[in-house]
Amino acid sequence: MPSQPGMAKGRYLDLFWLLVLGALWGSSYLFIKVAVSEVPPLTLVAARLVLGAAILWVLLRASGLAMPRSWKLWSIYAVMGFINGALPYSLIFWGEQYISSGLASLLQATMPIFTVILAHFLIQDERLTWIKVLGVLVGFVGVGLLMLSDLRQGLHANLWGELAVVVSSVSYAMAGIVARRHLRGQPPLVSTTGQLTMGAVWTLPLSLVVDRPFHLSPSLAAIGSWLGLTLLGTVVAYLIYYALIERTGATFVSTVTFIIPVNGLLLGALVLGEPLTAALLGSLALILLGVVLVRR
């Protein structure tokens with residue numbers, strides 16, 4: 001039987017990697033903000049997905065795993081590539097042209113709230129309870145507080161950017177439900193590789209037609225942000241994510257939801273000089289409280 005010091009050391013190590021994962025995913029919003037100022041959103045999304053998929057194919061081969069040949073699975077990868085990659089990535093990247101990286105990370109924290117709402121209608125054994133309804137209401141109050149000043153000014157770029165990120169959270173929530181229904185039992189590395197591959201298939205042609213990115217000459221900062229977003233925020237983060245799930249379970253890893261917006265807000269403030277207002281911090285508290293309640 002493992003000794004108590006050994007067990008404690010293992011828990012601290014798991015917590016360390018959870019914090020690293022939250023930092024990696026939280027930093028993605030900073031990388032996006034820097035890169036999207038020079039590279040069109042669709043092109044940036046396509047570049048992230050193409051490079052991420054290529055690296056995962058190499059890792060897949062190295063691990064001895066093979067991609068399935070089932071058309072049914074590939075059709076699911078195509079759906080997931082759209083609702084868990086191409087669509088939400090594009091919405092976030094487009095939205096961050098008009099809003100701060102910290103605000104984007106905070107609006108993304110609403111994903112578990114939308115998951116609970118969708119699960120009530122789409123999954124038979126996951127009904128809303130009064131405590132979950134309370135969590136949804138508290139979370140929406142937090143989002144409303146964030147968007148209140150822009151709502152008063154009518155439909156303009158900032159508000160559209162905020163709405164785009166909120167819709168991306170709905171897309172991620174739907175993707176989680178689709179994955180639970182259709183990808184259970186599949187090796188995580190295989191499913192992720194399939195999703196990123198199909199996400200690249202969705203976005204690369206659109207990027208070439210819409211953005212025509214043939215004459216782009218991004219700065220080193222933009223290129224570095226793209227590489228950081230792809231290598232750290234996608235490949236390394238997913239490897240840590242799946243390793244943690246295997247060691248600790250999905251419930252423990254799901255708490256990364258609370259770490260990401262805090263990291264996103266802090267990095268935006270420290271690196272980009274984005275303001276940390278009372279409204280932002282109050283909304284953060286309300287949204288995270290809402291997430292706590294819907295997950296009970």
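A Förster radius of 30 Å, combined with the Cβ-Cβ distance separating L272 from Q124, puts the computed FRET efficiency at roughly 0.10. Rounded to the nearest 500, the helix-only mean residue ellipticity at 222 nm of the chain stands at -24500 deg cm²/dmol, with each DSSP H run of n ≥ 4 adding -39,500 (n - 2.57).
For the pair R180 and I245 in one chain, pulling the backbone fully straight at 0.36 nm per residue adds 21.9 nm over the alpha carbon distance. Legend: calculated FRET efficiency, L148 to F16, from the Cβ-Cβ distance at R0 = 41 Å, rounded to 0.05, equals 0.65.
Positive contributions from Lys and Arg (+1) and negative ones from Asp and Glu (-1), summed over other residues with Cβ under 12 Å from the Cβ of L289, come out at +2. Hey, of (i) 16.0; (ii) 21.3; (iii) 17.9, which did the structure itself give for mean projected area of the Cα convex hull in nm² when calculated? Step by step, mean projected area of the Cα convex hull in nm² for this structure corresponds to label (iii). Relative to the current alpha-carbon distance between A279 and S219, full extension at 0.36 nm per residue lengthens the span by 18.2 nm. Round to a whole angstrom and tell me the spacing of the C-alpha centers of segment 61-98 and segment 183-245. Taking the Cα centre of segment 183-245 as reference, the centre of segment 61-98 is 9 Å away. Helices assigned as whole DSSP H runs in the chain whose Cα atoms extend at least 30 Å along their own long axis and whose mean Kyte-Doolittle hydropathy is 0.5 or higher are found at 4-35, 41-62, 130-152, 157-182.
So for T110, T129, fewest C-beta neighbours within 10 Å to most, what's the order?
Ordered by Cβ neighbours within 10 Å, fewest first: T129, T110.
Within segment 1-102, the trypsin sites (Lys or Arg not before Pro) that combine a DSSP coil assignment with at most 11 other C-beta atoms in a 10 angstrom radius are R69.
Approximating the spin labels as points 7 Å out from Cα along Cα→Cβ, the L206-to-V58 distance works out to 2.7 nm. The three principal axes of the C-alpha atoms in segment 1-145 carry coordinate ranges of 51, 42, 36 Å, sorted with the longest axis first. Using C-alpha pairs under 8 Å with a sequence gap of at least 6, the mean separation divided by the residue count of segment 4-294 gives a relative contact order of 43 percent.
Since every read-out is calculated from the coordinates, none of them should be taken as a lab result. Note that the structure is a prediction, hence the values are computed from the model and not measured. Heads up, the Cβs are rebuilt from the backbone with ideal geometry, glycines too, and the neighbour counts pull from every protein chain shown.
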